[in-house]
Every structure is written in C-alpha cells, then in structure tokens.
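Chemist: One structure is given below, represented as structure tokens, and several questions about it will come after.
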Amino acid sequence: MATHKPSNTVVVLDLDDTLYKEADYQASGLDAVCRLVETLYGKSVKQEVFRLQQVGERDVLGGICKVLDVPLSVKESLLWLYRLHEPAITLDTNISTTMQQLELGYQIAILSDGHSISQRLKLKALGLGHLQTYISEDHQDNKPSLARFQIIMRDMPAERYVYVGDNPAKDFIAPNQLGWITIGLRDNSRNIHTQTSIHFNSTQLPKIWIDDFSQLIITISK
C-alpha cells in the first residue's frame, strides 16, 4: 500500500475533548471562579460547587449566586470570569509527543467551536497558540457548516485533508461532505458529548476510529 507524503496533507484538529479533556477546563474555570469569589465576597463556595456537581446541577454559577445571596444577574459576570480565566490544562504526554511529530512534516490547523478568547487561552495553555486557528466566533460560523473547512482548503492548498474530532453530532458532517479523511478519537469515558447515540447516521460518523491519539500518524500515513 502506498504511503502519502506528509507535505501533501493538511491535518485539521478539533480542540475540546480531542486534544485535551473539556472536563479539565470546566474544573479549572470553576476553581478560578471560586477563588475570586472568596477574595471578593469573603465566603468559600467550593463545597457548594462540589455538591451541585455531584447532584448533576447544570446551573452551577446560578447556585453560587444563591449561596452569596446576590442577584442572579451576577451570574453573567461569573460566566465571563469562567470564559476569560487562564486555564490550568495541559497536553497528555502521548498527545504532546504526537503533536511534535506532526509538526515536523504536516501542515496543521485547529478548527473549533467556541468563544475566540476562551479557545485561544486554551491553546496558549496547551502550548499550541502558534498554530493556524479557525474558531467559530471569529468566523460567525458553527459546525456542521462547510464554511471554515472550505476556507482552510483555500488557505492551505493540499492533496489530502484530514479532520480529527470526537463528537459525531457535528464534527464530521462537513469534512465528510468535502471528501476529507475523518478520524474519530474514541471516548475514554471522560468526554462531554456521547459517541454512542443510535441516532447517528453514516454522514455523521468518521471514516476511521482510533483509540488513542498516538495512533494518528500511522493512520494518516497509510
């Protein structure tokens, strides 16, 4: 079987739950909120945040407002603190090693949905801020739209395009339509979004699944 030259391939990567675990970002953000709240209000809310998480409460920031006995409108400020904090997240060793190997030969870009500053703060914390980045807020465009994928094809001409993501609900639809190689990184039980819905159809699923990010280079070199 013929192998492909790395220089003729653009590897485009999702961010959240692909390069790091989004649950770690959530924990980092809530910790930042708790620390500033204690500084400003003189009251620790860490135990209440832990309790709310344990019972599956989705509006944790609203719960903090109740504990502080402040108007619910304060939640907006807490939310921006969460979004603008400098996250305590890192690349796992196998992902860091694979990224270094990819950068030796392949063209690489990040395509991710989210707020421009929040996503860039994540990339900075992960040591990936130098990569070409296509964030939904910057382009006013969310997956599964084709637009950003087409912009990458314009900006980074190549023979092959690979997209690596984790969420079948939206990650692979557009690149599948464009004839890209789509690779799904299997959940290790810590992902935010499910990969097991019976409602996913062939247009939503990646062409290839891998169990570990370290398998990526050998997969795309075939």
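The values are calculated or read from the model by the stated rules, or taken from the named source; none is laboratory data. Keep in mind the model is a prediction, meaning the values are calculated, not measured. We place every Cβ from the backbone using ideal geometry, glycine too, and count neighbours over all the protein chains shown. For accessibility, only protein heavy atoms count, side chains too; no ligands or nucleic acids. Shrake-Rupley method; radii C 1.70, N 1.55, O 1.52, S 1.80 Å.
Chemist: How much length is gained on full extension from residue 104 to residue 212, taking 0.36 nm per residue of separation minus their Cα-Cα distance? Numbers along the way, then the final one.
Modeler: On the way: separation 108, 0.36 × 108 = 38.88 nm, distance 1.99 nm.
Computed gain between residue 104 and residue 212 is 36.9 nm.
Chemist: If the viscosity is 0.890 mPa s and the temperature 25 °C, what translational diffusion coefficient in µm²/s does Stokes-Einstein give for the chain when Rh comes from Kirkwood over Cα pairs?
Modeler: On the way: Rh = 18.9 Å.
In µm²/s, the coefficient rounds to 130.
Chemist: Still on this structure, I have one more. Considering lysine pairs in the chain that are 8 or more places apart or on different chains, how many have Cα atoms under 17 Å apart?
Modeler: 11
Chemist: Here is a further query. If you average 1/r over all unlike Cα pairs in region 1-103 and invert the result, what Kirkwood radius do you get in angstrom?
Modeler: Working: mean 1/r = 0.0615 Å⁻¹.
So the Kirkwood estimate lands at 16.2 Å.
Chemist: Please find, in a Gaussian network model of the chain (springs between Cα atoms separated by less than 10 Å), the residue of 193, 115, 130 whose mean-square fluctuation is greatest.
Modeler: Checking each option, the largest mean-square fluctuation is seen for 130.
Chemist: Moving on to the next point. Could you work out what % of the accessible surface of the chain is carbon and sulfur, using a 1.4 angstrom probe and leaving DNA, RNA and ligands out of the count?
Modeler: Working: 5900 of 11520 Å².
Whole-percent figure for carbon plus sulfur exposure: 51.
Chemist: Of 149, 136, 77, which is farthest towards the positive pole of the chain's charge dipole, taken about the Cα centre with +1 and -1 on the beta-carbons of Lys, Arg and Asp, Glu respectively?
Modeler: Farthest towards the positive end: 149.
Chemist: Can you pull the semi-axes for region 111-222, root of five times each eigenvalue of the Cα gyration tensor, sorted largest first, whole Å?
Modeler: Details: eigenvalues 86, 61, 52 Å².
They are 21, 17, 16 Å, listed largest first.
Chemist: With a/c under 1.5 counting as rounded, go ahead and sort region 160-222 into rounded, prolate or oblate using the C-alpha gyration tensor (a ≥ b ≥ c being the square roots of the eigenvalues; past the cut-off, prolate if a/b is larger than b/c, else oblate). Provide the component values of the computation, followed by the final result.
Modeler: Details: a/c = 2.28, a/b = 1.13, b/c = 2.01.
In terms of gyration-tensor shape, oblate.
Chemist: With every protein chain left in place, what is the accessible area per residue of the chain in square angstrom, probe 1.4 Å? All intermediate terms of the calculation are to be shown ahead of the outcome.
Modeler: Working: 11520 Å² over 222 residues.
The answer is 52 Å² per residue.
Chemist: Can you compute the FRET efficiency between residue 169 and residue 69 using 1/(1 + (r/R0)^6), with r the Cβ-Cβ distance and R0 = 41 Å? Round to the nearest 0.05.
Modeler: On the way: r = 38 Å, r/R0 = 0.93.
Plugging the Cβ-Cβ distance into 1/(1 + (r/R0)^6) gives 0.60.
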